[in-house]
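J.: Submitted below is the structure of interest, expressed as structure tokens.
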Amino acid sequence: LIFPILSAFSPLAQLLCIFCILLVPLALAGIALINTGLGRSRSAAHAMMSSLCVTAVAAIAYCICGFHWQGFPGQPAHIFAIGAKSWDWLGAGRFFLGGIPWNGSPASLAACFQLFSIGLVAIIPLGAGADRWKLSASCLSAVFLAGWIYPLFAHWVWGGGWLAQLGANFGLGHGFVDVGGSSTIQIVGGVTGLSVAWLLGPRRGKYSSSGMPAAIPGHNATFILFGCMLAFVGWLGLNSAGAILFAGVLPERIVLIAINTLLAASSAALITLIITQARFGKPDASLTANGWVGGLVASSAACAFIHPAEAVIVGIVAGALVTMSVQWLEFNLKVDDPTGAVSVHGIAGIWGVLAVGLFARFPVQLPGQFIAQLIGLTALLGFIFPLTYGLNALLNRFYPYRVATDGERQGMDLYELGADAYPEFVTHSDEYGQR
Amino acid sequence: MKIAGFLLLLSGGFLVLTALIMLPTAGSRTAFIVAGLAVEILGLVLVIRAHIPREEPR
């Protein structure tokens with residue numbers, strides 16, 4: 001931990017931490033609204049229903065075994081020693097959140113924080129698989145994500161694992177630092193989203209035979225933009241609670257965290273607006289919303305340790321990266337990601353992690369912080385990405401993820417739920433017909 | 001190509017771990033960490049290429 005932390009928080013830190021944790025579900029609600037708004041109208045109820053079910057499944061899976069694998073610094077863990085260095089690679093607590101003292105201890109607050117934020121990790125891939133991912137398959141995938149994949153990486157970073165110990169063991173800065181979850185929550189969700197988008201393939205009619213993508217605009221810009229506002233409030237909680245819990249940041253620093261979160265999101269949204277205005281002649285609402293969330297994602301890792309001016313730079317780069325990568329993925333890599341989840345959570349998250357190495361100012365500056373951040377990214381790319389892709393590919397082989405062709409034609413609402421989100425709407429023949 | 005890409009991703013990850021364990025000096029460790037990242041990027045390129053659908057002949 002960067003700041004010296006006590007085994008128990010002060011009453012003020014405890015109260016603030018609880019308040020911030022209670023804001024976290026708003027981030028989840030915001031992303032669920034954005035995912036729904038960016039999808040088609042005939043799949044709107046399905047998108048919201050999937051978000052709710054996946055959140056529920058993820059919370060239960062995490063409660064059963066997720067926190068057992070993840071743990072918290074000071075709790076039992078699987079450790080092996082190589083060359084006089086200890087490698088803490090997996091938590092070894094008890095199942096069903098056992099062994100946690102429910103008295104406002106840091107471990108109990110961390111368990112609550114994780115239970116609230118695990119839903120956010122699980123709904124990120126839903127955006128990448130929108131309009132074609134079966135409800136049951138998405139819930140099955142969430143079990144593995146919340147029960148194994150996320151806790152493994154979160155233990156390495158937040159549970160006192162080997163990435164967190166890079167500083168103590170190898171003199172690399174303060175070890176891998178990510179206070180609000182740019183990597184643990186966002187990149188893990190982003191790479192799972194990429195895996196799901198690849199396994200599902202593009203939506204029917206998205207690409208012509210010559211490979212040119214068709215524009216399939218989101219059906220409700222109001223949902224998207226209101227989702228951004230909700231997500232901002234949730235992110236304030238996510239970044240602040242994460243900083244107190246996993247970096248031992250003092251409660252007074254929450255003011256700086258809130259300012260940096262807002263500035264990063266604002267600058268990212270504005271740069272996206274300017275870029276889309278310059279390219280298309282008018283600002284694009286959905287890309288601007290993606291830029292806003294990209295700024296929030298990038299702010300998470302470093303928000304407690306950077307100057308507000310640096311938060312603006314973090315946001316500007318995040319916004320530009322999101323705008324460019326959304327189009328690059330769609331046009332060049334032929335990845336059909338209806339909500340831009342891979343760019344917003346994956347690419348902006350990577351930038352957020354690197355920003356810690358570039359800008360963060362800790363109470364004690366130590367050399368090697370950027371290398372520690374790079375090692376964290378190599379662990380994500382080298383171990384977590386193949387793991388999440390492999391598990392999803394295995395599941396897809398035994399229980400196909402993609403809905404039947406009729407389901408895509410009718411819309412996921414009618415096909416999977418039996419009722420439309422907007423039953424008074426007339427279904428257009430061009431939407432319902434063969435594509 | 002896809003499997004080769006994922007194997008390269010894993011190899012890059014293990015290269016970084018091995019560098020941390022075996023190399024004593026910061027300079028050589030950094031060089032191998034960067035090399036591990038480069039191997040991973042190569043693997044990622046292969047995985048991405050394997051997933052790009054082929055265009056139908058006109």
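J.: Determine whether A:ILE123 is touching a helix residue (DSSP H, G or I) at 6+ places or on another chain (Cβ under 6 Å) and without any contact (Cβ under 8 Å) to a residue 12 or more places away in the chain.
T.: no
J.: For residues that are of a type outside the set (A, V, I, L, M) and either loosely packed, with under 11 Cβ neighbours inside 10 Å or not in a helix (DSSP H, G or I) (or both), tally how many sit in segment A:406-424.
T.: 7
J.: Moving to a separate point now. Taking only segment A:160-212 into account, find how many residues are over 13 Å from the mean Cα position of the chain (by Cα), more than 12 Å from chain B (Cβ to nearest Cβ), within 19 Å of A:ALA243 (Cα to Cα) and aliphatic (A, V, I, L, M).
T.: Result for segment A:160-212: 3.
J.: Tell me whether segment A:134-142 contains one or more residues that are within 14 Å of chain B (Cβ to nearest Cβ) and either hydrophobic (A, V, I, L, M, F, W, C) or crowded, with 19+ Cβ neighbours inside 10 Å (or both).
T.: No, there is no match, as no residue in segment A:134-142 is within 14 Å of chain B (Cβ to nearest Cβ) and either hydrophobic (A, V, I, L, M, F, W, C) or crowded, with 19+ Cβ neighbours inside 10 Å (or both).
J.: Give the residue that is surrounded by the fewest Cβ atoms within 10 Å (Cβ to Cβ), with candidates limited to residues of segment A:38-58 that are closer than 17 Å to A:GLY119 by Cβ and in contact with a Gly (Cβ under 6 Å, 6 or more places away or on another chain).
T.: Restricting to residues being closer than 17 Å to A:GLY119 by Cβ and in contact with a Gly (Cβ under 6 Å, 6 or more places away or on another chain), the top hit is A:THR55.
The rows are residues; the columns are (1) within 10 Å of chain A (Cβ to nearest Cβ); (2) assigned to a helix (DSSP H, G or I).
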{"position": "B:SER11", "(1), (2)": "yes, yes"}
{"position": "B:PHE14", "(1), (2)": "yes, yes"}
{"position": "B:PRO24", "(1), (2)": "yes, no"}
{"position": "B:PHE32", "(1), (2)": "no, yes"}
{"position": "B:PRO53", "(1), (2)": "yes, no"}
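J.: Is at least one residue of segment A:320-330 part of a helix (DSSP H, G or I) and in contact with a strand residue (DSSP E or B) (Cβ under 6 Å, 6 or more places away or on another chain)?
T.: Yes - at least one qualifying residue is present in segment A:320-330.
J.: Among all residue pairs at least 6 apart or on different chains, which show Cβ distances below 7 Å where the first residue, located in segment A:326-352, is without any contact (Cβ under 8 Å) to a residue 24 or more places away in the chain and the second is crowded, with 24+ Cβ neighbours inside 10 Å and part of a helix (DSSP H, G or I)?
T.: Cβ pairs passing all conditions: A:LEU329/A:VAL342; A:LEU329/A:SER343.
J.: What residue, among those in segment A:196-215 that are in a loop (DSSP other than H, G, I, E, B) and in contact with a Ser or Thr (Cβ under 9 Å, 6 or more places away or on another chain), is surrounded by the fewest Cβ atoms within 10 Å (Cβ to Cβ)? Outline the logic, then answer.
T.: Step one: of segment A:196-215, the residues in a loop (DSSP other than H, G, I, E, B) are A:201-206, A:208-212, A:214-215.
Filter again for in contact with a Ser or Thr (Cβ under 9 Å, 6 or more places away or on another chain), leaving A:204, A:214.
On the way: A:ARG204: 13, A:ALA214: 11.
If we take residues in segment A:196-215 being in a loop (DSSP other than H, G, I, E, B) and in contact with a Ser or Thr (Cβ under 9 Å, 6 or more places away or on another chain), then A:ALA214 is surrounded by the fewest Cβ atoms within 10 Å (Cβ to Cβ).
J.: All but one of (1) hydrophobic (A, V, I, L, M, F, W, C); (2) within 30 Å of A:MET229 (Cβ to Cβ); (3) within 14 Å of chain B (Cβ to nearest Cβ) hold for A:ALA81; state the number of the condition that does not hold.
T.: (2)
J.: Separate question: In segment A:365-393, how many residues are touching a residue at least 40 places away in the same chain (Cβ under 8 Å) and either assigned to a loop (DSSP other than H, G, I, E, B) or more than 14 Å from chain B (Cβ to nearest Cβ) (or both)?
T.: Matching residues across segment A:365-393 total 3.
J.: Turning to a different aspect of this structure: On the basis of being buried (at least 21 other Cβ atoms within 10 Å of the Cβ), part of a loop (DSSP other than H, G, I, E, B) and among the polar types (S, T, N, Q), does A:THR339 make the cut?
T.: Spelling it out, A:THR339 is indeed buried (at least 21 other Cβ atoms within 10 Å of the Cβ), part of a loop (DSSP other than H, G, I, E, B) and among the polar types (S, T, N, Q).
J.: While we're looking at this one, here's another question. If I go through segment A:308-344 residue by residue, how many of them are under 17 Å from B:LEU44 (Cβ atoms) and either touching a Phe, Trp or Tyr at 6+ places or on another chain (Cβ under 9 Å) or of a type outside the set (A, V, I, L, M) (or both)?
T.: Residues flagged as under 17 Å from B:LEU44 (Cβ atoms) and either touching a Phe, Trp or Tyr at 6+ places or on another chain (Cβ under 9 Å) or of a type outside the set (A, V, I, L, M) (or both) within segment A:308-344 amount to 8.
J.: Only one residue in A:GLY147, A:GLY127 is part of a helix (DSSP H, G or I), over 17 Å from A:ALA241 (Cβ atoms) and touching a Ser or Thr at 6+ places or on another chain (Cβ under 6 Å). Which one?
T.: A:GLY127
J.: If you check A:GLY171, A:GLY193, A:GLY160, which single one turns out to be at pLDDT below 95 and surrounded by 21 or more Cβ atoms within 10 Å (Cβ to Cβ)?
T.: Working: A:GLY171 fails: surrounded by 21 or more Cβ atoms within 10 Å (Cβ to Cβ); A:GLY193 fails: at pLDDT below 95.
After applying the criteria, what remains is A:GLY160.
J.: If I ask for residues that are of a type in the set (Gly, Ala, Ser), more than 14 Å from every other protein chain (Cβ to nearest Cβ) and surrounded by fewer than 12 Cβ atoms within 10 Å (Cβ to Cβ), which ones from segment A:84-105 would you list?
T.: Of all residues in segment A:84-105, those of a type in the set (Gly, Ala, Ser) come to A:84, A:86, A:91-93, A:98-99, A:104-105.
So of that shortlist, the ones also more than 14 Å from every other protein chain (Cβ to nearest Cβ) come out as A:91-93, A:98-99, A:104-105.
Passing the criteria: only A:GLY98.
The values are calculated or read from the model by the stated rules, or taken from the named source; none is laboratory data. Treat the numbers as computed from the prediction; the structure is a model and nothing was measured. Neighbour counts run over all protein chains shown; Cβ positions are idealised from the backbone, glycine included.
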